[in-house]
1. Have a look at 233, 152 and point out the one that is in contact with a strand residue (DSSP E or B) (Cβ under 7 Å, 6 or more places away or on another chain), over 14 Å from residue 246 (Cα atoms) and without any contact (Cβ under 8 Å) to a residue 40 or more places away in the chain.
2. Looking at (1) assigned by TED's automatic domain parsing to the domain that holds residue 23; (2) more than 24 Å from the chain's Cα centre (by Cα), which is the one condition that is false for residue 232?
3. Out of (1) surrounded by fewer than 20 Cβ atoms within 10 Å (Cβ to Cβ); (2) outside any helix (DSSP H, G or I), the odd one out for residue 178 is which?
4. Taking into account only those residues within region 23-62 that are in a loop (DSSP other than H, G, I, E, B) and touching a residue at least 24 places away in the same chain (Cβ under 8 Å), which is nearest to residue 303 (Cα to Cα)?
5. Can you pull out the residues in region 109-147 that are under 14 Å from the mean Cα position of the chain (by Cα) and within 13 Å of residue 301 (Cβ to Cβ)?
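The values are calculated or read from the model by the stated rules, or taken from the named source; none is laboratory data. Values in this document were obtained by computation on a predicted structure and should not be read as measured data. Cβ sites come from the backbone with ideal geometry, for glycine too, and all protein chains shown count toward neighbours.
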Ligand code: KG4
Ligand code: ZN
């Protein structure tokens, strides 16, 4: 009998469902929520309501696209933490009630762990140990992976996450949420060295992005005082320079982590790993440092249920199930 798992991801503002059979993804659907764009960020109450509306059709289509029936499922997985509590609750209660009706186990997955394990969906897969720079809207971490479930966070942000730095910079430029992909887009053709912002000076392998954000805010304010059209006239150069500052900081600590640990298998994960300049930076630094690099396919960078499914597959192999009393946790 193959191990077939339905996985649900609902930690923030995307409702996603995926079906995996013996470690192979059969379907992976994501329904985004446009409703937040007008608010410049995710509105938790609107997110959980949209999850409630989306979850049934998304799961239904994931099952259909996988070409399986509910009775063929071995387990149901869901994102247990971290995330918006109301959003997590929708996925968790849906998983529990469906699993109960089918009399199959449930598997709770940590969202950030799943971002890293997404590297085990397709070939080439890293072997252990490897380092994973995990960069999303809520987290920025360097994770030393010793095994699927044996890992250590050797560096992390002390304030804002890298995705937050992209999104906040975009907001300062009056771009809609989420601004990360727009900064990436407008940076194309821009001069990444035209403007300089405060360089974070943080010890160890940790990160900090709040000073950079403040320096960016003051810079834009000052320029706009002199020329109200400054942003429009220089959008590409501003975006490219800010993007370059974020990537410089990310790469500096990643190189340091590799030198300190001697590990040369380097992976990139999380929503910000969709950034084209960061992907290039990892590849080109990889050539200099003789790294073997692992950059995920675009569909597995930003939030998706396939990464929850692959993490659940390895948990299933260990019979690591949750009790039906399980509840999600925001942190
Ligand atoms: O992993 P993810 O989808 O959700 C969280 O777990 O937070 O990451 C979302 C973050 C957002 O901050 C978004 O702006 C950023 O990833 N992001 C990007 C790009 N695509 C998504 N940032 C820069 N460039 C991109 N192309
Ligand atoms: Zn994420």
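1. Values: 233 fails: in contact with a strand residue (DSSP E or B) (Cβ under 7 Å, 6 or more places away or on another chain).
The match here is 152.
2. Here residue 232 meets the rest and fails (1).
3. Every listed condition holds for residue 178 apart from (1).
4. First, pick out the residues of region 23-62 that are in a loop (DSSP other than H, G, I, E, B): 23, 32-33, 40-43.
Narrowing further to those that are touching a residue at least 24 places away in the same chain (Cβ under 8 Å): 23, 40-42.
Details: 23: 19, 40: 19, 41: 16, 42: 14 Å.
My answer is 42.
5. Correct list: 114, 115, 116, 118, 119, 132, 133, 134, 135, 136, 137.
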